[in-house]
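One structure below.
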Amino acid sequence: MNGDFIFNMDYERRDGLLGITGEWIAKRGTGSVRRFEFIDVRVLKQLIENNYIDPLEAHNSSPSVEKMFNFMATYPNVLTKGYATSPLRKDYRVTLDTLFVPKEQIREQFHSPIEEWSMNNDRR
């Protein structure tokens, strides 16, 4: 995570954008992390613009949120999902860990851009 990034702590609005509900707890474990299902580029844009997600963050070996957003903006049928942490934790954040292309959206011309993007954005 980028140490200089200041997260928007309005977790109720953040959670609404992500479609997650429930009471948050402070300590690590069940109740302090919630997975969210697929969101599109419009929701990701709102998360970025409202400082709910750090554009420079990258989960494990994945590309940064900014690179994922740019890819999704180019290919708006691509979706992403991940998890959000409790506003009561020191590491409050939204993390993306998956990019997904719905099967019905895959076309022959789509394979090359995805493969190229994957190869150019592999952080290992």
Phi-based couplings in Hz for the stretch 69-77 (Karplus 6.51, -1.76, 1.60; Gly and Pro marked x): 4, 4, 5, 5, 5, 6, 10, x, 7
Alpha-carbon Rg/Rh ratio, for the stretch 7-73, with Rh computed the Kirkwood way: 0.97
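Using the crude model of +1 on Lys and Arg Cβ and -1 on Asp and Glu Cβ, and no other charge, please compute the dipole size for the stretch 1-113 relative to its Cα centre, in debye to 20. It would help to have the intermediate numbers written out before the result.
Numbers: 15 positive and 15 negative charges, 54 e Å.
For this selection, approximately 260 debye.
Take the Cβ-Cβ distance between Asp40 and Asn8 as r, set R0 to 30 Å, and report the resulting FRET efficiency rounded to the nearest 0.05.
Values: r = 20 Å, r/R0 = 0.67.
The value I calculate is 0.90.
Write down the accessible area per residue of the stretch 30-100 in Å², having rolled a 1.4 Å probe over the full set of protein chains.
Working: 3250 Å² over 71 residues.
About 46 Å² of surface per residue is accessible.
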Gain in span if fully extended, Thr21 to Val101, counting 0.36 nm per residue against the direct Cα distance: 26.2 nm
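The values are calculated or read from the model by the stated rules, or taken from the named source; none is laboratory data. Just so we're clear, the structure is a prediction, and the values are computed from it rather than from any experiment. Neighbour counts run over all protein chains shown; Cβ positions are idealised from the backbone, glycine included. Heavy atoms of the whole protein, side chains included, go into the accessibility calculation; ligands, DNA and RNA do not. Shrake-Rupley method; radii C 1.70, N 1.55, O 1.52, S 1.80 Å.
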